[in-house]
Structure formats: C-alpha cells, structure tokens
Amino acid sequence: MIRAEGLVKRYRGVTALAGLDLEVEAGTVMALLGPNGAGKTTAVRAITTLLVPDEGRAWVSGVDVLADPMGARARLGLSGQYAAVDEQLSGYENLVMVGRLYHLGRRRSQARARELLDRFDLADAADRPTKTYSGGMRRRLDLAAALVAEPPVLVLDEPTTGLDVRSRAQMWEVIRDLVGSGSTLLLTTQYLEEADRLADEILVIDQGREIARGTADELKSRTGGERIEVVLAEPHRLEDARRELARVALDQVEVGESGRDLSAAVATGAAELRDLLAAYDEKGIKVLDIGLRRPTLDDVFLTLTGHRTESRPGDSGPSGPDAVPLDPAVHDEMEARR
Amino acid sequence: MTAYVPVTPHGFARLTSALSDGWVVAQRNLIKIRRVPEVLVWVLISPIMFVLLFAYVFGGAINPGGAVDYKEWLICGIFAQTVVFGSTFTGAGLAEDMQKGIIDRFRSLPMARSAVLVGRTASDVVYNVLSLLIMGLTGLLVGWRIREGALDALVGVVLLLVFAYALSWVMGYVALLVPSVEVINNASFIVIMPLTFVSNAFVPTESFDGVLRTIVEWNPVSALTQAARECFGNTGGLPAPDAWPMQHPIAYTLGWVVLILVVFVPLSVRQYRRSSLK
C-alpha cells in the first residue's frame, strides 16, 4: 500500500534522507521510530507529495507520487505534527471545507463532518472556532480531517508529540480503533512505547537511514525487556546489592557513577522485581528507590548504534523542551514540573 | 470502507474543478472576515479618513481647473487609491496563510494548485466592494454626485474592481516570494504610495512638469481615475489631457488588467507549486 525506494533528500549539505526504503502492507501499521532530526518528517513529506526527493521513488496505493501527485493525494490522508486546521473556523467548518476539497460534494461533506466530530468526541465543540480548542482536541480534529474522504492510506506524523498524558492515551485509543477498521497506516514517533502499542512493524531510523526493523518484540529482544533500577540507601552495600540483582538479571548489571545506583535488564519485570525486593529485605539492604523502567528509544539506540540519541540542528521536529524527552514518562514528569 | 473513487479531472472538468476549489477557499476566507470583524472595520475606516482628509485639508488649496468642485473631482482618485492599496490585503492574507499549518493541509489535498490563490483574490473582491460602498456613501455626504447614467456608473465600479483584482495577483506573487506580513505591508507602501501619488488621483495632470507629467499620463492609476471620473461624470467638463491613455482611459486600464493577469496568474501558480515542494 505504501512503498518507498531509495529516498534521498539533502538540504544545503545536510542529508536528511540517505536512501530509505520502506514498505507497508495493506491493513498494517508501520511506525517510523527515531529521534529528532532522524529524517522521519522528511520521509513522510516525500511520501505524501509535500516535497520532491532528490533521489528515489514512492507509491501510495500503487500510484507513483512523483508521476501523479494528485492521484496520490486523493488516496491518502495526512495528519501532521502541527495540527493543520484553521484557527478562526469551527471544527465543523474545517471538516466541511476539507471534504469539499476532496470533492465529496457539499451534502456528503457536511454529513461526514458531523459523523467524525461525534466519533472523535468533538461534537460539543463543533461550532466553536478551533483556536478555543485544547492541544489534544486540535490533534483529534486534524486526524479527523485526514479521515474525511476515508482514504485507504493514512500517514500520521508524530500524532502525540507535545500532548499531555490523558490526551496521548485518548489519541492512542482513536488510532487503535482506526487500525482495527483495517486502515493502512504509517506513523512516525519518538516514543518506543507508542510504536510498541500501535505498530505491527517498527522501522528505526537515524540520520536518514534504517538502523533496524522488526516487530516490537523483536526489537525488544535485541535491547532487553524492562529494566530494574535501584538506588541504594547505603553505598557500602553495593557489592551485596549487585550480587542479588545479578541473580535475576538477563545480562550484566550496570553500576552508575555515583556508586549507589544499579540497573539491569530483566526478562519479564514484575516477577524479578518481587524476588529482588524479597532478597534485599532478607539481607537487610536498604534502598532509596527501586522500580521498573520500560526500555526507551534511547536504550534501543544505545544497543543498536552504540551511541545515544541526539538532536541535531536542521531537525524536523519542534524545538524547545517538548522535543527533547524520548520517553513519555520522562516527558510527563517534565510537564508536571513546569 | 465506503468506496471513494478518486477522480483526477482533465480539460474543461479541470477548469471547473479549479474554480470550485477556489470558491471553497474563498468561502473559508469570507467566514474568517465574519469571525474577525475588527479587520474589516479598519479596512473601511481608512478610506473614510482619506475622503475627509483630502476633501477638507486640501480641498481649499487644490483647484483642478475651471468650475470643477475639488471634492467631487477628488472622490474618484480616492476610489482608485483605495482599491490599489487593497491589494496589500491579498498579499498579507496570503503571507499569513503560507506561515500557518493550514497550508500543509491544502497541499496534501487533491485540490487545484491554483485554489488558494484564486480563493484569496476572489474573497478580496468582497473587501473592495464593501470599501467602495462605504467610500461612495461618505462621498455623497461631502458632496460627491454620480452625474452619468446607471450603466456608466456600473462600468466605473466594475473597472475599479477588475483593476484591483489584477493587482491582487501581483501582491499575491510578492507574498509567495516573501511570505511575511510585515515585509508585504512595508513593500506595498513603498511601491503603491508613489504609484498613487504620482498620478492624477489627487492633483490634475497639468500640475506636473516634463518627464513627471509623461509618467503621470501613462500611469495606469491615472487612467483608472480618469475612467472613473468619466463614468461617474465627475470631470467637471474638463477635457482629458492630450495623451493616448488619458484619451482612452477605459481601454488603457483594461489593457493593464489583461497584461497583469496574463503575467502574474501563471507566475503565481508556478511559485505556489514550487514553494509547496520545499
């Protein structure tokens, strides 16, 4: 349904895409996972006819996007990183306009707009200008706009970046419903958790090229599952604590620079945590903090590439604090602190 | 999934679909005018101010000649100046659109590439109709009268509107090159100010000397003003200056309209297409 071959795009010496291939089968979801500046948005723009790549080709529903951009546009719905809705217009007016520009006709556009506003829980706000909407509402409206013509292919560029926890959960639910109804979907994200929850296949990219692909489970098995993290109350018990953690760990235990924090990948999570707590209790090892952490994109990166993610200039994503966190939990914590 | 069969129109169907897409965008712009009426208020106040300022400040000092009443003679100049300035509005509106996220939505839709431009220029005609109406009413209050038939007057109004429409495409093109509202406002001031002041809009052609007079006589704004004065019957019986554009102001103005559209419509559409593929 979506296919790209050898996409290359350079901007004044910066290579945004360095020969990217991808293929999304009909009725499946692919997540394009990568840090800021990895080339996710550039890839999406090339596939959705918003830019012409320097090299390579792409097809949407069998239509060559370079040869017949109009045909490709008629077959795809795009929801971007920045909600592309008119602020002065109401949600209803926005959707009707989009429907008419898809040439659905006035009647059908109006009916479709009402239907989508209901479905996305925006019916109450339907006739208010969208500038009064919250961030989550705007994103939902933008997604609704992408669905107006029921296109066979959907492309979502960072659908939850910058949203609060609740809006993100709501958005995930909406996207999962879409997936259930058989849409073919390409989405980009910086969150491993998001890719994990929504996608059948994950393509990890960095510096415009693929560095790994596979199902969420395949990627996790390469990076280890959840990690147990411990902060000790008494640094002199480090050796004992390390030994106990090693018993439940998959591989080696990492010791932090402070000499009182430890972490290790474990196979399942909760079971090992329970065993470890029991062991520490028995040995009288006191901890300040202990917990489970899902592997983040950063962990995946560290394992796959040996380096941490870093944002580069000329980056596709939004700048500012919203862009930095790679793990939703970290992000939410930062939001809360502000 | 409902069967949605995408159609890529060709030939005549393509033209009508371009027009209907443009109309959808125009409707969106008109909704926005209703939503933010403050903008409209300011747009309409400035021509009123111009009518009053010129009529009462310069009214006593400038004499177009003969027994002509300056106030009556002036109004057509203000009409011309206002619709010419109105094109800035197109530029600013388009520049704003280009900076907003909505433009990505438009670009990802299977709509005519010209629709954003066609829609913008079309909705700005509404602005010009309203400002002509307001100026006409203000003019009537200070003593302006239509002294020709209704048909002639209609020709005058249409001429003002089509000239403004053509200029909208020029400013639209500038906005695509430099999508910044501030730059558009400043640039248009620098270009449009001399264009309207070095014309017969406020002072008679005879008051200019030498090269300047030739410029004034061939300035399309002069022809537009002259045409409007003839259509509304505000020449005060003064003969038109002895230069071809002044002798045939309607034809000369229409010539400019055609020339501008032929050059700037394709240029703007091409630039829109290009700027959307960055």
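Quick note: the coordinates plus some simple rules give every number you see, no bench work behind them. Model, not experiment: these values are computed from the prediction. All Cβ positions, glycine included, derive from the backbone under ideal geometry; neighbour counts span all protein chains shown.
Once the Cβ-Cβ distance of A:Val165 and A:Asp124 is raised to the sixth power relative to R0 = 25 Å, the FRET efficiency obtained is 0.70.
Which whole-number percentage describes the relative contact order of chain B, with Cα contacts under 8 Å and a sequence gap of 6 or more?
Taking the mean separation of contacting Cα pairs over the length of chain B, I get 26 percent.
In chain A, the longest principal axis of the Cα atoms and the axis of helix A:165-180 are about 60 degrees apart. I'd like the distance separating the alpha-carbon centroids of segment A:255-288 and segment B:126-184, in whole Å. Segment A:255-288 and segment B:126-184 have Cα centres spaced 77 Å from each other. The long axis of helix B:115-142 is offset from the longest Cα principal axis of chain B by roughly 30 degrees. Here chain A is assigned +1 on the Cβ of each Lys and Arg and -1 on the Cβ of each Asp and Glu. Its dipole about the Cα centre then comes out at about 1120 debye.
Can you tell me the 0 to 90 degree angle between the C-alpha axis of helix B:150-177 and the longest principal axis of chain B, rounded to 10? Roughly 50 degrees between the two axes. Scoring B:234-243, A:196-205, A:139-148 by mean Cβ neighbours within 10 Å over their residues and listing the highest first yields A:139-148, A:196-205, B:234-243. Working note: Karplus 6.51/-1.76/1.60 with θ = phi - 60° gives segment A:111-128 the couplings 5, 5, 4, 4, 4, 5, 4, 4, 4, 9, 6, 10, 4, 5, 9, 3, 9, 8 Hz, where Gly and Pro are set to x. A Förster radius of 41 Å combined with the Cβ-Cβ distance from B:Val158 to A:Lys131 puts the calculated FRET efficiency at roughly 0.65.
Label positions at B:Glu38 and B:Ile215, each projected 7 Å from the Cα along the C-beta direction, are separated by 3.8 nm. Checking every one of the GluC sites (Glu not before Pro) in segment A:204-280 against DSSP loop status and a limit of 14 other Cβ atoms within 10 Å picks out A:Glu257.
Estimated purely from DSSP H runs of n ≥ 4, each contributing -39500 (n - 2.57), the mean residue ellipticity at 222 nm for chain B is -25000 deg cm²/dmol once divided by its residues. Taken as Cα centroids, segment B:207-278 and segment B:48-119 sit 15 Å apart, rounded to the nearest whole angstrom. Peptide A:73-86 has a mean of 5 when you count, residue by residue, the C-beta atoms of other protein chains within 10 Å of its C-beta.
Close amide H pairs (under 5 Å, H built 1.01 Å from N) link A:Ile2 with A:Val24, A:Ser61, residues at least 5 positions away or on another chain.
For peptide A:94-106, what's the mean number of Cβ atoms from other chains within 10 Å of each residue's Cβ?
Mean partner shielding for this stretch: 5.
Filter the chymotrypsin sites (Phe, Trp or Tyr not before Pro) in segment A:47-127 down to the DSSP loop ones having no more than 12 other Cβ atoms within 10 Å, then list what survives.
Here no loop site has a sparse enough neighbourhood.
Entry note, chain A: relative contact order of 21 percent, from Cα contacts under 8 Å with a spacing of 6+ residues.
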